[in-house]
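Peer 1: Handing you a structure now.
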Amino acid sequence: MGINLDKMRSKLDRVEGRLARASEIFWKPQDGEQTIRILPTEDGDPFREFWFHYNLGNNRGFLSPKRNFGESDPLDDFVRSLFDQGTPDSIKMAKNLMARQRFFSPVIVRGEEEKGVRLWGYGKMAYKQLLNLVLNPDYSDITDPETGTDLVIRYGKPTGASYPQTEITPRRRPSPLFGDDADGARVAEALNSIPDHDKVFSESRKTSEQVGQMLDEWLSGEGNEKENVEKYGKDTASVVDEKLSQLLNSGATI
């Protein structure tokens, strides 16, 4: 039986559709300087925190059941067992697989207002800068639509640095979210269009059973000799050593 081309086209349409939606919803700073405005949220906390697992084979990043929802998480258990082994290689693998913290805020990007509200995803260092800013008594509520503060984002890799860095500087003067919005209609539209995080990340949420299956497949080489894989107990050492050897010999970064 040959390949079902109609089914393949449908798969491609779904993938391209997800990519298009992602490009519309998420904003990532480019190298250089850009200006944004963080929008207020109903709960008074525009800095939403999530924990993601990455690097589990070919699987895309997904939400940690343990760190986000307090549910059992086979991958979290496995990472703990790697740390318990205490060898340099097991610790490297544990750090590669452990959940990573990310934060998301709804923003309007200056010069791109026509693209609407998007979600800016950033790490812990940028988060600390933002918290220090909102707690600074020299500034009022930076998210206020009328008297808030625009933020200048300088993003790039300094000379000699291994990773890009984000520097956040508030504008010296407050300003309205939209300068031509006498009746408040544009502000209302923006606030009503803030993306729902639960919906945005719905495809990234996995059950404990799904995570366990993904981990089993990864440990067994995508399903090979799966019956010989001991999930999370003491017998994982030989499986871990074999997987580490494969990664190190392939030159992969762990």
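Peer 1: What FRET efficiency, computed as 1/(1 + (r/R0)^6) with R0 = 22 Å and r the Cβ-Cβ distance, is obtained for E203 and E112, rounded to the nearest 0.05?
Peer 2: The formula returns an efficiency of 0.30 here.
Peer 1: Leaving out ligands and nucleic acids, and using a 1.4 Å probe, what accessible area per residue does segment 163-226 come to in Å²?
Peer 2: The answer is 66 Å² per residue.
Peer 1: Next question. Got a sec to turn the phi values of segment 179-186 into Karplus ³J(HN,Hα) couplings, 6.51 cos²θ - 1.76 cosθ + 1.60 with θ = phi - 60°, whole Hz, x for Gly and Pro?
Peer 2: So the Karplus estimates, Gly and Pro as x, are x, 10, 9, 4, 8, x, 5, 5 Hz.
Peer 1: What accessible area, in Å² to the nearest ten, does a 1.4 Å probe give for M93?
Peer 2: Taking all protein chains as shown, M93 has close to 0 Å².
Peer 1: So if I take the alpha carbon set of segment 126-216, get Rg, then get Rh from the Kirkwood formula, what is the Rg over Rh ratio?
Peer 2: 1.13
Peer 1: Given R₀ = 25 Å, what would the calculated FRET efficiency be for D141 paired with Q30, taking r from the Cβ atoms and rounding to 0.05?
Peer 2: 0.35
Peer 1: Report, in whole Å, the centroid distance computed from the Cα atoms of segment 77-105 and segment 182-224.
Peer 2: Segment 77-105 and segment 182-224 have Cα centres spaced 21 Å from each other.
Peer 1: A further question follows. By average Cβ neighbour count within 10 Å, what is the ranking of 179-191, 77-89 from highest down?
Peer 2: Details: 179-191: 12.8, 77-89: 15.8.
The peptides rank, most packed first, as 77-89, 179-191.
Peer 1: Along segment 44-59, what does the Karplus equation 6.51 cos²θ - 1.76 cosθ + 1.60 (θ = phi - 60°) give for ³J(HN,Hα), rounded to whole Hz, x for Gly and Pro?
Peer 2: Taking θ as phi minus 60°, the curve returns x, 10, x, 10, 7, 9, 9, 10, 10, 9, 10, 6, 8, x, 8, 6 Hz for segment 44-59.
Peer 1: List every residue whose amide H lies under 5 Å from the amide H of W120, counting only residues 5 or more places away in sequence or on a different chain, with H placed 1.01 Å from N in the peptide plane.
Peer 2: The answer is W27, S105, V107.
Peer 1: For the pairs K92/K115; K28/K199; K66/K92; K157/K199; K92/K124, note any where the Cα-Cα span goes beyond 29 Å. Before the final figure, lay out each step's value.
Peer 2: Numbers: K92/K115 41 Å; K28/K199 19 Å; K66/K92 21 Å; K157/K199 33 Å; K92/K124 21 Å.
Listed pairs above 29 Å: K92/K115; K157/K199.
The values are calculated or read from the model by the stated rules, or taken from the named source; none is laboratory data. None of these values were measured; they are calculated from a predicted model. Heads up, the Cβs are rebuilt from the backbone with ideal geometry, glycines too, and the neighbour counts pull from every protein chain shown. Please note that ligands, DNA and RNA were not included when accessible areas were found on the heavy atoms of the full protein model with its side chains. Shrake-Rupley method; radii C 1.70, N 1.55, O 1.52, S 1.80 Å.
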